[in-house]
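**Student:** This is the structure, below, for whatever I ask next.
The values are calculated or read from the model by the stated rules, or taken from the named source; none is laboratory data. Bear in mind the structure is a predicted one, so any value in this text is a computation, not a measurement. All Cβ positions, even for glycine, are placed from backbone atoms using ideal geometry, and neighbour counts span all protein chains on display. Note: accessible area is taken over every heavy atom of the protein model, side chains too, but ligands, DNA and RNA are not part of it. Shrake-Rupley method; radii C 1.70, N 1.55, O 1.52, S 1.80 Å.
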Amino acid sequence: MKGYKITTLNEYIIRRQADYPYAKGELTRLLYNIGVAAKVVTKKVNKAGLVDILGNIGNVNVQGEDVMKLDVFANESFISSMKASGECCGIASEENQEIVTFDDGLSRDANYIMCVDPLDGSSNIDVNVSIGTIFSIYRRISPRGSKAEAADFMQAGNKQVAAGYVIYGSSTMLVYTTGNGVAGFTLDPSIGEFCLSNHNIKTPEKGKIYSINEGNYSHFPEGIKKFIKYCQESDPDTKRPYTSRYIGSLVADFHRNLLKGGIFLYPPTLKAPQGKLRLIYECNPISFISEQAGGKSVTGEERVLDIVPQDLHQRIPFYTGSKNMVEKVEQFLGES
Ligand code: AHM
Ligand code: MG
């Protein structure tokens with residue numbers, strides 16, 4: 001009889017720890033706790049249509065958007081699981097105006113900080129569309145034994161030690177990198193474990209999907225308008241026209257394009273002249289994964305991972321995905 005042969009997330013991260021001879025298991029414990037929080041949030045997301053958990057709680061978050069109960073729940077789950085890990089001295093969350101520092105002795109001695117968008121795309125909850133959590137881990141630059149400081153969170157994305165996302169879709173998946181390739185795990189609800197499902201994810205170099213909110217077309221930069229027209233033109237050599245797909249949930253749009261090949265674009269618009277997506281919580285972790293999978297992430301002017309943040313909630317124009325498509329966008333933006 002054949003047994004159930006699986007590699008769980010926990011086995012995998014412990015195995016990977018052995019790849020780094022001086023690793024002390026700190027990052028392993030952090031990643032383990034991220035997996036636990038993801039399971040807790042999955043439970044709640046799956047119940048969203050059943051219990052009275054939808055709707056605003058009468059709050060407006062720091063981005064000026066209505067906060068739903070599930071956002072608050074996810075935020076609290078990730079904060080408390082990081083605190084419980086004892087390996088994290090502070091957390092910056094898209095849901096909080098200021099950083100949260102953990103003041104107990106264990107956490108003060110911890111080496112890492114976390115940045116998180118606990119529930120991205122949450123306006124999609126009440127229509128049963130996929131949503132996600134996006135996270136990244138940095139080594140602190142303030143001395144161990146003290147409280148985390150603002151500077152710990154204002155590091156360029158190229159300093160990330162780990163990054164990933166959880167997608168709450170038809171199944172829950174956790175995808176992460178520690179700078180040595182990208183791995184994906186699918187939650188098997190019957191055993192409550194994330195199981196390795198996508199080993200060493202590589203994104204196709206030539207994508208054929210473009211994902212953008214075309215409702216904002218008239219406000220896009222000229223180069224982006226030209227790129228959209230380029231995607232729509234017929235050319236058998238480059239297999240155009242390309243396919244347009246847009247869910248409006250970054251993690252879901254990115255995840256599909258990562259596996260199938262494509263580009264996600266969020267240019268500056270009239271409503272969001274700097275772009276909509278946040279450098280620290282959304283663009284940096286997604287860019288780390290994209291590059292680790294062989295893709296590319298830019299603002300149109302520079303590599304996302306080289307930007308030194310000026311503000312915790314800074315927004316940037318964001319283009320990420322298959323190399324051929326991102327480079328085409330850069331070409332059109334450069335010509336315009
Ligand atoms: P959020 O952080 O408030 O949830 O907003 C981010 C979301 C992304 O998931 C998605 O890519 C984008 O907003 C969609 O924006 P739009 O509705 O303007 O197309
Ligand atoms: Mg978000």
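**Student:** Quick check for me: using +1 on Lys/Arg Cβ and -1 on Asp/Glu Cβ, what's the dipole size of the chain about its Cα centre, in debye to the nearest 20?
**Tutor:** The dipole of the chain has a size of about 960 debye.
**Student:** How about the stretch 88-133: which GluC sites (Glu not before Pro) there are in a DSSP loop, with at most 14 other Cβ atoms within 10 Å of their Cβ?
**Tutor:** On the way: sites: E94, E95, E98; in loops: E94, E95, E98.
Sparse-neighbourhood loop GluC sites (Glu not before Pro): E98.
**Student:** Can you sort R245, R240, R108 by solvent-accessible area, 1.4 Å probe, largest first? Don't skip to the answer; put the middle values down first.
**Tutor:** Values: R245 120, R240 30, R108 75 Å².
Most to least solvent-accessible, the answer reads R245, R108, R240.
**Student:** Shape of the stretch 9-198 from its Cα gyration tensor (a ≥ b ≥ c, root eigenvalues): rounded if a/c is under 1.5, otherwise prolate when a/b > b/c, or oblate?
**Tutor:** Judged from the Cα gyration tensor, the stretch 9-198 comes out oblate (a/c at least 1.5, b/c at or above a/b).
**Student:** Output needed for the chain: three equivalent-ellipsoid semi-axes, defined as square roots of 5 times the C-alpha gyration tensor eigenvalues, in descending order, whole Å.
**Tutor:** Output for the chain: semi-axes of 31, 23, 21 Å.
**Student:** In a Gaussian network model over the chain where Cα atoms closer than 10 Å are linked, find which of P309, P189, P268 has the largest mean-square fluctuation.
**Tutor:** P189
**Student:** Within the chain, what whole-number % of the accessible surface is contributed by carbon and sulfur, with the 1.4 Å probe and all protein chains included in the calculation?
**Tutor:** Whole-percent figure for carbon plus sulfur exposure: 49.
**Student:** Past 21 Å, Cα to Cα, is the threshold; run K225/K271; K44/K271; K206/K328; K202/K323; K225/K328; K39/K208 against it and keep the listed order.
**Tutor:** Over 21 Å Cα-Cα: K44/K271; K39/K208.
**Student:** Roughly how compact is the stretch 121-237, stated as its Cα Rg over 2.2 N^0.38 Å to two decimals?
**Tutor:** Cα-based Rg divided by the globular estimate yields 1.45.
**Student:** For the stretch 275-336, run through the GluC sites (Glu not before Pro) and keep only the ones in DSSP coil with at most 10 other Cβ atoms within 10 Å of their Cβ.
**Tutor:** E302
**Student:** Related question: How much accessible surface area, in Å² rounded to 10, belongs to the heavy atoms of T101 with a 1.4 Å probe?
**Tutor:** For T101, solvent-accessible area is about 40 Å².
**Student:** Excluding ligands, DNA and RNA, what is the solvent-accessible area per residue of the chain at a probe of 1.4 Å, expressed in Å²?
**Tutor:** Computed with neighbouring chains in place, this is 45 Å² per residue.
**Student:** According to the square roots a ≥ b ≥ c of the eigenvalues of the Cα gyration tensor, what is the shape class of the stretch 193-305, taking rounded for a/c under 1.5, prolate for a/b larger than b/c otherwise, and oblate for the remainder?
**Tutor:** Oblate shape, in that a/c is at least 1.5 and b/c is the bigger or equal ratio.
**Student:** Sum -39500 (n - 2.57) across every DSSP H segment of at least 4 residues in the chain, then divide by the residue count to get the 222 nm mean residue ellipticity, nearest 500.
**Tutor:** So the helix-based figure for the chain works out to -9000 deg cm²/dmol.
**Student:** So how do H219, H255 rank on accessible area, 1.4 Å probe, biggest first, that is with the largest at the start?
**Tutor:** So, going from the largest accessible area down, we get H219, H255.
**Student:** Which loop chymotrypsin sites (Phe, Trp or Tyr not before Pro) in the stretch 252-336, with loop taken from DSSP, have no more than 10 other Cβ atoms within 10 angstrom of their Cβ?
**Tutor:** Loop-located and lightly packed - none at all.
**Student:** Need one number: nm distance between label points at Y246 and S142, each 7 Å from Cα along Cα→Cβ, rounded to one decimal.
**Tutor:** 4.0
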